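The values are calculated or read from the model by the stated rules, or taken from the named source; none is laboratory data. From a predicted model like this one, the values you see are computed outputs, not experimental measurements. Methodologically, a virtual Cβ is constructed for each residue, glycine included, from the backbone with ideal geometry; neighbour enumeration extends over all protein chains shown. Accessible surface areas use protein heavy atoms only, side chains included; no ligands, DNA or RNA. Shrake-Rupley method; radii C 1.70, N 1.55, O 1.52, S 1.80 Å.
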Amino acid sequence: MKKLIIITLITLFSSNSLLAQSDSITIYVTKALKIMKNKSVNKSRLNWDEIFDKTLKESSNAKTIKDTYPAIKNALSSLNDSHSNFYPEEVVRAYTLGYKATGQKFPVIKGELLKNQYAYISLPDIGSFNKDDWNLYINTFYAKVNDLQKHHPKGWIIDLRGNFGGMLYPMYAAVAPFLDSKNAVGTKDAEGKIEYYNYKKGKFYEGSTATQLFQLTQNEPKTIKKPIAILVNKVTGSSAEFITAAFVGQKNVNIIGTNTQGLTSGNQEYKLLDGSFLVLTIGNIVDRTGKEYSKIGEGIAPNIKIENTTDETKNNEAYLKKAFDYIDGE
């Protein structure tokens, strides 16, 4: 009799555990779907009943939270923005630890004086959630700009070629001294609300709210008023397109190259119960003129077009010649 009671209790305990696990999986998926429904830039254009039914059905046999990842990724694909993504907890952890802790090479910011009169500096992509990495990125950029300013260059070249995106905050803070006005770039959400981004004295603002604070060890460069050439190519994407758009319409700037990649939308990270991130497209880029970049794949058009060839050396020479000619003509 005692044996039967013990077996029955074990069976009940196992059943309850499975039910609890099943409930937690359903809660996990449902929460992810609700975030998508509430925040997606395309939320008003989608059939949410269909997306919920399909995703919950795809995840119905999941035994663990990780088993639901493919269904969540499929749901993100159905949002039709080509930019939303899902990062599992282990990937998020690596991003948070940063470059040094994970044995990755830190982004190389190149700064040099070309032909003794043109200040050249690159703005590479940065894929890290680590605040120390952001501070190092900004301070390295500022140090190189401050050094180049000592040479009183005739003009500036900011190279965004090959920058496929990453974290906007440190990139924007880095180039802020080159921008001539507030509200140079922002996002327009599904309701048509525009929120502009700004930077001042170590703080990054989303609208009127300071959302990021940087630790500066270098002096912020003096505002750049000389001619500025922005170099872009088809790889230039996502956050780098925000930077490109920030210069659209600025009087002392010309954008040189090809149309950018066309991921002209803004993403926001949402942390799920297991530490994974739902990275959701919540708005399209809007420049200082109010122009919205909503067409996927179209990108941002340059002022001066470059016809790329397979010869990288010739390509680079063509880019720099156009930059020199523009600066000389100002």
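Computed from label points 7 Å out along Cα-Cβ, the spacing between Lys203 and Asp49 is 4.7 nm. The stretch between Gln215 and Lys110 holds 35.7 nm of extra length on full extension. This uses 0.36 nm per residue minus the Cα-Cα distance. With the charge dipole of the range 97-190 set up from +1 on Lys and Arg Cβ and -1 on Asp and Glu Cβ about the Cα centre, the Cα lying farthest toward the positive end among the listed residues Ile138, His151, Leu179 is that of His151. In loop segments of the range 154-256 as defined by DSSP, the trypsin sites (Lys or Arg not before Pro) with at most 16 further C-beta atoms inside 10 Å of their C-beta are Lys154, Lys182, Lys193, Lys201, Lys222, Lys225, Lys234, Lys251. Between Asn42 and Thr289, the simple spin-label model (points 7 angstrom out along Cα→Cβ) gives 2.7 nm. Considering only alpha-carbon pairs that sit under 8 angstrom and 6 or more positions apart, the relative contact order computed for the chain is 17 percent. Specify which residue in the list Ser208, Ile256, Val92 is farthest towards the positive end of the charge dipole of the chain, using unit charges on the beta carbon of Lys, Arg (+1) and Asp, Glu (-1), about the Cα centre. Highest projection toward the positive end goes to Ser208.
With a 1.4 Å probe rolled over the protein heavy atoms of all chains, the accessible area of Leu136, Leu179 falls in the order Leu136, Leu179, largest first.
Relative contact order, whole percent, for the range 252-330 stands at 36, derived from Cα pairs under 8 Å and 6 or more residues apart. Helix 48-58 and the longest principal axis of the Cα set of the chain meet at an angle near 60°.
Each Cα pair under 8 Å and six or more residues apart adds its sequence gap; the mean of these over the residue count of the range 224-286 is a relative contact order of 33 percent. For trypsin sites (Lys or Arg not before Pro), the sites in the range 48-87 that DSSP calls loop and that have at most 14 other Cβ atoms within 10 Å are Lys63.
Where does each of His151, His83 land when they are ordered by accessible area, with a 1.4 Å probe and the largest first? Please list the in-between numbers first.
Details: His151 100, His83 25 Å².
Greatest to least solvent exposure: His151, His83.
Quick one: which of Lys37/Lys193; Lys43/Lys201; Lys150/Lys225; Lys115/Lys150; Lys251/Lys305 span more than 26 angstrom between C-alpha atoms? Pairs exceeding the cut-off: Lys43/Lys201. Full extension of the chain between Thr96 and Gln117 gives 3.6 nm of extra length, using 0.36 nm per residue less the Cα-Cα distance.
Taking only DSSP H segments of four or more residues, each worth -39500 (n - 2.57), what value at 222 nm results for the chain once the sum is divided by all its residues, to the nearest 500 deg cm²/dmol?
Values: 8 runs with 121 residues, N = 330.
Calculated at 222 nm, the ellipticity per residue is -12000 deg cm²/dmol.
Between Asp147 and Asp67, the simple label model (points 7 Å from Cα in the Cβ direction) yields a spacing of 5.6 nm.
Listed by chain and number, the aspartates and glutamates placed with their C-alpha closer than 18 angstrom to that of Lys105 are Asp125, Asp132, Asp133; residues fewer than eight positions away on the same chain are left out. Bridging of Lys39 to aspartates and glutamates at a Cα separation below 12 Å is possible for Asp189, Glu191, Glu269, once same-chain residues fewer than 8 apart are set aside. What separates the Cα centres of the range 128-156 and the range 102-123 is a distance of 9 Å.
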